[in-house]
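Please treat every number below as a calculation from the coordinates, not as lab data. Source: prediction; values computed, not measured. Glycine gets a Cβ as well: all are built from the backbone with ideal geometry, and neighbour counts include every protein chain shown.
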Amino acid sequence: MKRIDDNIWKLILKLNTKDMLPVYGLRRNSSHYNLITAINHSIALFVSGSYDGIVVMLNRANKELEARDFEETDYIRTCKEYLKLLKDYLVENQLVDHNTQEQ
């Protein structure tokens, strides 16, 4: 398993802090719940080295960002930054094959 990039790790630590998470974001009826779930699943898969599964979660998170008109909060900006850095990291380090990237 590759060492986790410091910039990604900093975002991982930041994303679930009390000050960062949207209020009530962890409640299933929250408009942020599906996004938060996809982000946190991608974190778990990344930490465990299950790289192919991350692509599914990245796609889910990006679809949530596109489908909902979220206010551009610190959480949303941090999610977008995390998703971009994680995708770039997976591609640059050839941790997912081309077919998986397209899913």
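Observations on the model:
- Meets criteria (under 18 Å from ASP69 (Cα atoms), in a helix (DSSP H, G or I), touching a helix residue (DSSP H, G or I) at 6+ places or on another chain (Cβ under 6 Å) and β-branched (Val, Ile, Thr)) for ILE43: no
- Consider region 20-48 and keep the residues that are exposed (fewer than 11 other Cβ atoms within 10 Å of the Cβ) and not basic (Lys, Arg). The one that is nearest to LYS63 (Cα to Cα) is ASN29.
- Sole residue being among the aromatic types (Phe, Trp, Tyr), touching a residue at least 40 places away in the same chain (Cβ under 8 Å) and over 17 Å from LEU95 (Cα atoms), chosen from TYR75, TYR33, TYR51, TYR24: TYR75
- For region 1-19, filtering for residues that are within 14 Å of TYR75 (Cβ to Cβ) and crowded, with 16+ Cβ neighbours inside 10 Å leaves 3.
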